[in-house]
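Presented below is the structure to which this report refers.
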Amino acid sequence: MEFCPDCGAMLLPKDGKLECSCGYTEDLSDNNQYELSRDIKADDTVKMLGEDVDVGPVTNETCPECGHEKATYKLLQTRSADEAPTRIFTCTKCKHTWRAYD
């Protein structure tokens with residue numbers, strides 16, 4: 001893969017030369033082979049997990065809504081840097097979210 005020395009864009013082969021969108025051209029050398037393909041070949045597919053996936057560490061915390069004793073949590077710095085971060089909990093059963101301060 002070759003790049004344009006003027007603008008840094010990728011040079012594409014065309015009619016025995018490497019051309020850039022900025023107008024720069026360069027002759028192809030005999031010892032290099034170039035192939036241009038516009039096809040995108042994906043080996044993996046994207047898997048949509050949706051909104052209902054519990055991501056994050058799970059802790060023993062009682063939900064104030066349903067009383068379930070497991071929740072995921074994350075830490076966010078919502079106040080000044082010299083204070084403890086805010087813990088945001090999400091119940092693994094009913095998805096209720098609440099916060100706790102230290």
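Each reported figure results from applying straightforward, stated rules to the coordinates on display, with no laboratory input. Because the structure is a prediction, the values reported are computed rather than measured. As a convention, Cβ positions derive from the backbone with ideal geometry for all residues, glycine included, and neighbour counts pool all protein chains shown.
Things worth noting here:
- Straightening the chain between residue 24 and residue 3 buys 6.5 nm, computed as 0.36 nm per residue apart minus the Cα-Cα spacing.
- Charged neighbours of residue 17, selected by a Cβ distance under 12 Å, balance to -4 (K, R count +1; D, E count -1).
- When each of the peptides 63-70, 80-87 is scored by how many other beta carbons lie within 10 Å of its residues on average, the order from highest to lowest is 63-70, 80-87.
- Length available on full extension from residue 55 to residue 80: 0.36 nm per residue minus the Cα-Cα distance, which gives 6.4 nm.
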